[in-house]
Each structure stands twice: as C-alpha cells, then as structure tokens.
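Beneath this line is the structure, given in structure tokens, with notes to follow.
Only the coordinates and a few stated rules stand behind these numbers; no lab work does. Small disclaimer: the values here were computed from a predicted structure and weren't measured. Methodologically, a virtual Cβ is constructed for each residue, glycine included, from the backbone with ideal geometry; neighbour enumeration extends over all protein chains shown.
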Amino acid sequence: MDNNRSAEREEMVKRQIEARGVKNPSVLQAMKTVPRHLFVPASYSREAYQDYPLPIGNSQTISQPYIVAVMTELLSPEKEDRVLEIGAGSGYQAAVLAACGAMVISIERIPEVADLAIENLARAGTSNVQVLCLDGTMGYPEKAPYDGILITAGTPGIPEILLEELADGGRLVAPVGDRNIQALVRVTRNGDEYHTERHGAVRFVPLIGMYGWNNEE
Ligand code: SAH
C-alpha cells in the first residue's frame, strides 16, 4: 500500500500538468511532493488527485491541480522569496509555494476556513507558511515588499495597495474579470513601471472585501 499516495501524484503531474505544458522543475517537484489528499475533506479523499476543483466547505473550493501549477509557474517563486497569497482556502496552494522554497504569508477572510488551512498545513508538516485571518484586498504592509503576490479568488481589478507592496522585480498573479469568469493576469514590477500580461481563462470563487466584490452582490 502506498499510504503517502506518491504514485497518484506522479500520475497527476505527468498527465494533467506536464502534458499541458508546465515546465518549471521546482513547480513540478512541489506538485509531486505536497500531499494534496491532506488538503481535501475526508469525504473527497478518493478524488484528491483528479483533474477538477473540490468543495472545502463554506462555499469555497480547492483549485484544480493544473491551475495551481500554472499560477505557481507564472509567479515563479525562487528560494527564500517572500510571497503573499490572498485566499488561503485549504492551504494547498500555500503548501506548494512553500515546497518551492518560498516564505509564505497566506490571508483568508473566513475564520473557519483560516482554521482549516492552519490545520491542513500542520497535518501535512508544512513549515514556512503563516496564515492570517484578514481582508486581503487591503494588503499586508507589515511584511511588504513581496517578491510574489498571488490572488486565488476572482477579482474585478487588482487592488492598488497590492501593486504598491510588490518588490522591484516582483510578480503578481491574479484571476481578473467578472464574478463568473476571469483571465489569469500577471503583473511584473520594474521600478515604477508595471508590465501586464494576460493568460488563459479561469473560474474562481469571488474575492470579497473592501477592494474586491461586495458580499451582497
Ligand atoms: N488557494 C486556495 C483556494 C482559494 S479559494 C487553495 O489552495 O485551496 C478562495 C479563497 O479566498 C476562499 O477561501 C475565500 O474565503 C478567500 N477570500 C475571498 N475574499 C478574500 C479576501 N478579501 N481576503 C482573504 N481571503 C479571501
């Protein structure tokens, strides 16, 4: 018996991730290492390595493995990089960033979900991730500047404060669009200039907060 399910991860990386063009070796290695089955509810454990998102409670989801890989590759975290994630959810994306060597601060607005992320990360034995319960659209100046900022919820636009908290040479990756469908956007800071690229279409739960969507919409 493979209790650690590493064979399923190898298969997932080969068929869902490498086959679709993700190449960054540290991202591929991280996806092979992080035990995704510890980040999904027990009732979905059997489906942990399938090619789709899964519910994690409180109307939130753990993203499809391929999307986690693509976003991590776009962010391209280097060892020791300081990375801010907005939308901790299950904690899985944060664990993948940490497995790439980043020092991660992950923000979650729903207290029960923040607790879930903390619990999952501890169970998976992840270090170098700090989870905080806050509105991430307001940024987190305490630990700025960040080499990478990853928003893992759909946003109508990129909050200005987050662009200001990017280090020179830093990258911000976010799904930007309407409440149902977004485009993956990467912004790279070069001094006072910001270079924006658009990547593929994605579907994320909404970023809710002061500079995101309104909860009542
Ligand atoms: N990265 C997660 C998936 C994110 S789902 C994973 O790997 O599992 C999106 C998460 O963003 C949800 O948990 C939602 O509650 C959270 N979220 C939405 N708006 C937020 C905000 N303003 N600040 C912090 N978290 C927010």
Inset, instruction - Could you give me the residue pairs with C-beta distances under 6 Å whose first residue belongs to the range 127-146 and is part of a strand (DSSP E or B), whose second residue is of a type in the set (D, E) wherever it lies, and which are 6+ apart or on separate chains? - result: C133/E108; Y146/E165
Inset, instruction - Within the range 75-87, count every residue that is in a helix (DSSP H, G or I) and surrounded by fewer than 20 Cβ atoms within 10 Å (Cβ to Cβ). - result: 0
Legend entry - Residue list for the range 72-94, filter: closer than 21 Å to A122 by Cβ, out of contact with any helix residue (DSSP H, G or I) (no Cβ under 6 Å at 6 or more places or on another chain) and small (G, A, S): G87, G89, A94
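Residues checked against (1) small (G, A, S); (2) closer than 18 Å to G154 by Cβ; (3) free of Cβ contacts under 8 Å to residues at least 24 places away in the same chain; (4) assigned to a loop (DSSP other than H, G, I, E, B):
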{"position": "M31", "(1), (2), (3), (4)": "no, no, no, no"}
{"position": "Q50", "(1), (2), (3), (4)": "no, no, yes, yes"}
{"position": "I67", "(1), (2), (3), (4)": "no, yes, no, no"}
{"position": "E73", "(1), (2), (3), (4)": "no, no, no, no"}
{"position": "G89", "(1), (2), (3), (4)": "yes, yes, no, yes"}
{"position": "Q93", "(1), (2), (3), (4)": "no, yes, no, no"}
{"position": "S106", "(1), (2), (3), (4)": "yes, yes, no, no"}
Legend entry - Checking V40 against (1) within 15 Å of the ligand (Cβ to nearest atom); (2) within 23 Å of H199 (Cβ to Cβ); (3) in contact with a strand residue (DSSP E or B) (Cβ under 6 Å, 6 or more places away or on another chain); (4) in contact (Cβ under 8 Å) with a residue 40 or more places away in the chain, the condition it does not meet: (2)
Inset, instruction - Please enumerate the residues belonging to the range 161-217 that are of a type in the set (D, E, K, R), within 16 Å of the ligand (Cβ to nearest atom) and under 17 Å from the mean Cα position of the chain (by Cα). - result: R203
Inset, instruction - State which residue is nearest to the chain's Cα centre (by Cα) when the search covers only the range 81-129 and only residues that are among the basic types (K, R) and more than 12 Å from the ligand (Cβ to nearest atom). - result: R82
Inset, instruction - Among the residues of the range 130-156, count how many are of a type outside the set (S, T, Y), within 11 Å of the ligand (Cβ to nearest atom) and closer than 30 Å to G191 by Cα. - result: 11
